[in-house]
Amino acid sequence: MANILFLVHRLPYPPNKGDKVRSFHLLKHLAARHRVFLGTFVDDPDDMQHVETVHHFCADLHVARLEPKFAKLRSLNALLADDPLTLRYYRDAGLQDWVEKTCRHKKIDAAVIFSSAMAQYVESIPRLPTIVDFVDVDSAKWTQYAPNHRWPMSWLYRREGKKLLAYEREVAARSARSFFVTEAEVNLFTRLAPECVVRVEPVCNGVDADYFAPDETCTTPYAADETPVVFTGAMDYLPNVDAVRWFVADMLPTLSEHWPQLRFYIVGRSPTPEVLALAGETVTVTGTVPDVRPYLQHAAVVVAPLRIARGIQNKILEAMAMAKPVVASSECAAAVNAIFGQELKTATTPADFIAEIDALLRNPESCHRIGKAARQRVVTRYSWEAHLASIDQYLPTSQEVNQ
C-alpha cells in the first residue's frame with residue numbers, strides 16, 4: 001500500500017451533490033488500496049457531523065472550516081495580486097501547514113488532487129508525484145457566466161475565467177496525469193491548453209445502481225391527485241438555479257395549461273432566495289430531504305433543463321438508475337452515453353421541452369419503456385469501480401513503494 005495525500009475542496013460526505021458524489025467514490029476507491037491522508041474543507045456546518053464517518057476511510061484527516069461569506073470577501077485580495085479568486089477562496093494556513101508536515105513525516109508517495117484550487121497546497125512539495133481530477137473545466141464555467149450578468153460582475157467572471165485557465169494549464173503541465181469527467185471536457189481543455197494534449201484523459205462519472213434502484217415498498221411523497229415533474233440538485237449552485245428559473249418561466253405555464261394537475265418539484269439542499277421565490281400554486285421547493293429516491297421513483301417525469309452546467313450530471317444518471325424517463329438539455333445529454341429517444345429524451349428550446357414532457361405524460365407505456373431502458377444503460381455502462389480503475393496506473397504500486 002502507498003501513502004496517498006488526497007486533497008479535496010469539500011468534505012466528500014455525504015454524497016448529496018455532484019462533486020461530493022464523485023469525490024466520495026474516489027476516496028473509497030483509494031482507501032481500498034492505499035493509506036489515505038485527507039485534507040479538506042467543510043463549508044456547511046451540517047457536514048461536521050459526518051467528519052467521523054469520513055475519518056474511517058483515512059489514516060489521517062485534516063478538516064479546515066470555511067465560511068463562504070468571509071471566504072468570498074477574502075478572495076477579493078486576489079484582484080491586487082493578479083491571482084484567480086478561486087485560489088484565495090480556498091487558501092488556509094492551517095491546511096497548508098498540515099500538508100507540509102504530513103509530507104515531511106509520513107513518507108507520502110503520491111498526491112491526488114480533486115479540483116484545481118487544491119493544487120496550490122502541493123506547490124512547495126518537491127518531487128511529489130501528483131495526479132489531478134479537474135472534473136470540469138472550471139475556468140470555462142466562469143467565462144460562461146459572464147454574458148448573463150451586468151458589469152461589474154460580467155467583468156469579474158471573465159477575469160476569473162482567464163486567470164483560472166492560466167492556473168489550470170500550469171497545474172496540468174506539472175502533474176503526472178490529469179482527468180476530466182467526459183471526453184468533451186478533455187477536448188475543450190486541450191483546445192484551450194494544447195500543450196497538455198498528451199497529459200489528460202477522461203474518467204467518467206458513475207452511479208451506485210444498487211442504491212439508486214426502484215423499490216416497490218417506497219411510499220410516495222406526492223399527493224394522489226397531482227402529476228409531479230421533478231428537478232433534483234443542490235439549489236445554491238448557479239446552473240441549477242438558472243435551470244429551474246428557466247423552466248418555471250418558459251415551460252411550466254404552457255405545461256400547466258395542458259396538465260392542470262401538474263406540479264413542479266424542486267428537490268435539493270440550500271435553495272437560494274431566487275429559488276424559494278418560485279414556490280407557489282404549481283411549484284414546490286422542498287429544501288433538504290432525507291432521501292431523494294422517493295421523489296425520483298414516484299415522479300412522472302424528471303427534467304434537467306441545464307443551460308450552463310458542464311460534464312455528466314449525476315442527477316441524470318441517478319434518475320435513469322431509478323428507471324425514470326428524463327428530459328435533459330441537449331448539451332448535458334451529449335455527455336451521457338445513451339441512445340437518445342430510447343433511453344434519454346433531449347431538448348434544446350422551451351418548445352422542445354414542452355413537447356417531450358407532454359408526449360411522455362400522454363403515454364405511460366412509453367415512460368415505462370424508456371425508464372426500463374435507462375436503468376439498463378446505467379447498470380451496464382456506469383459502474384464507479386470500472387471508471388476509477390483507470391487512475392490506478394498512475395499511482396505507485398506496492399512493489400514500487402517497497403523498493
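The values are calculated or read from the model by the stated rules, or taken from the named source; none is laboratory data. From a predicted model like this one, the values you see are computed outputs, not experimental measurements. Please note: Cβ atoms are built from the backbone with ideal geometry, for glycine as well, and neighbour counts cover all protein chains shown. SASA here: full protein model, heavy atoms, side chains in, ligands and nucleic acids out. Shrake-Rupley method; radii C 1.70, N 1.55, O 1.52, S 1.80 Å.
Could you list all residues from region 339-357 that are surrounded by 19 or more Cβ atoms within 10 Å (Cβ to Cβ) and assigned to a strand (DSSP E or B)? Those that are surrounded by 19 or more Cβ atoms within 10 Å (Cβ to Cβ) and assigned to a strand (DSSP E or B): LEU344, LYS345, THR346, ALA347. Take the conditions (1) closer than 30 Å to HIS29 by Cβ; (2) out of contact with any helix residue (DSSP H, G or I) (no Cβ under 8 Å at 6 or more places or on another chain); (3) surrounded by fewer than 20 Cβ atoms within 10 Å (Cβ to Cβ); (4) of a type outside the set (Val, Ile, Thr); TYR295 misses just one of them, which is (3).
Here LEU360, LEU317, LEU306 are screened, and the one residue that is open to solvent by less than 50 Å² (accessible area, probe 1.4 Å) and in contact with an Asp or Glu (Cβ under 8 Å, 6 or more places away or on another chain) is LEU306.
Within the option set THR220, THR190, being in a helix (DSSP H, G or I) and among the hydroxyl-bearing types (Ser, Thr, Tyr) holds for one residue only, THR190.
For LEU238, work out the one condition from (1) under 22 Å from THR143 (Cα atoms); (2) modelled with pLDDT under 95; (3) buried (at least 18 other Cβ atoms within 10 Å of the Cβ) it doesn't fulfil. So the condition that LEU238 fails would be (3). Out of the residues in region 1-17 meeting the condition of being in contact (Cβ under 8 Å) with a residue 12 or more places away in the chain and open to solvent by 10 Å² or more (accessible area, probe 1.4 Å), tell me which one is nearest to the chain's Cα centre (by Cα). In this case the residue turns out to be LYS17. Yes or no: ALA184 under 20 Å from the mean Cα position of the chain (by Cα), open to solvent by less than 30 Å² (accessible area, probe 1.4 Å) and touching a residue at least 24 places away in the same chain (Cβ under 8 Å)? Taking the combined requirement at face value, the residue does not satisfy it. Screening GLU160 against (1) open to solvent by less than 40 Å² (accessible area, probe 1.4 Å); (2) of a type in the set (D, E, K, R); (3) outside any helix (DSSP H, G or I); (4) within 30 Å of ARG245 (Cβ to Cβ) leaves a single unmet condition, (3). Across region 313-362, which residue is modelled with the highest pLDDT among those that are acidic (Asp, Glu) and under 19 Å from the mean Cα position of the chain (by Cα)? Restricting to residues being acidic (Asp, Glu) and under 19 Å from the mean Cα position of the chain (by Cα), the top hit is GLU318.
Among the residues of region 103-139, which ones are part of a helix (DSSP H, G or I) and buried (at least 20 other Cβ atoms within 10 Å of the Cβ)? Residues satisfying the conditions are CYS103, SER116, ALA117, MET118, ALA119, GLN120, TYR121, VAL122, ASP138, SER139. For LEU30, state whether it is part of a helix (DSSP H, G or I), at pLDDT 95 or above and open to solvent by less than 10 Å² (accessible area, probe 1.4 Å). Answer is yes for this residue.
Across region 125-166, the qualifying residues are those that are in contact with a Lys or Arg (Cβ under 7 Å, 6 or more places away or on another chain) and small (Gly, Ala, Ser), and the one among them that is nearest to HIS9 (Cα to Cα) is ALA140. ILE308 meets each of the listed conditions (1) part of a loop (DSSP other than H, G, I, E, B); (2) farther than 21 Å from ASN148 by Cβ; (3) touching a residue at least 60 places away in the same chain (Cβ under 8 Å); (4) aliphatic (A, V, I, L, M) apart from (2). If GLY268 satisfies all but one of (1) open to solvent by 30 Å² or more (accessible area, probe 1.4 Å); (2) out of contact with any Leu (no Cβ under 9 Å at 6 or more places or on another chain); (3) within 18 Å of PRO228 (Cα to Cα); (4) not aliphatic (A, V, I, L, M), what's the number of the condition it fails? Among (1) open to solvent by 30 Å² or more (accessible area, probe 1.4 Å); (2) out of contact with any Leu (no Cβ under 9 Å at 6 or more places or on another chain); (3) within 18 Å of PRO228 (Cα to Cα); (4) not aliphatic (A, V, I, L, M), GLY268 violates only (1).
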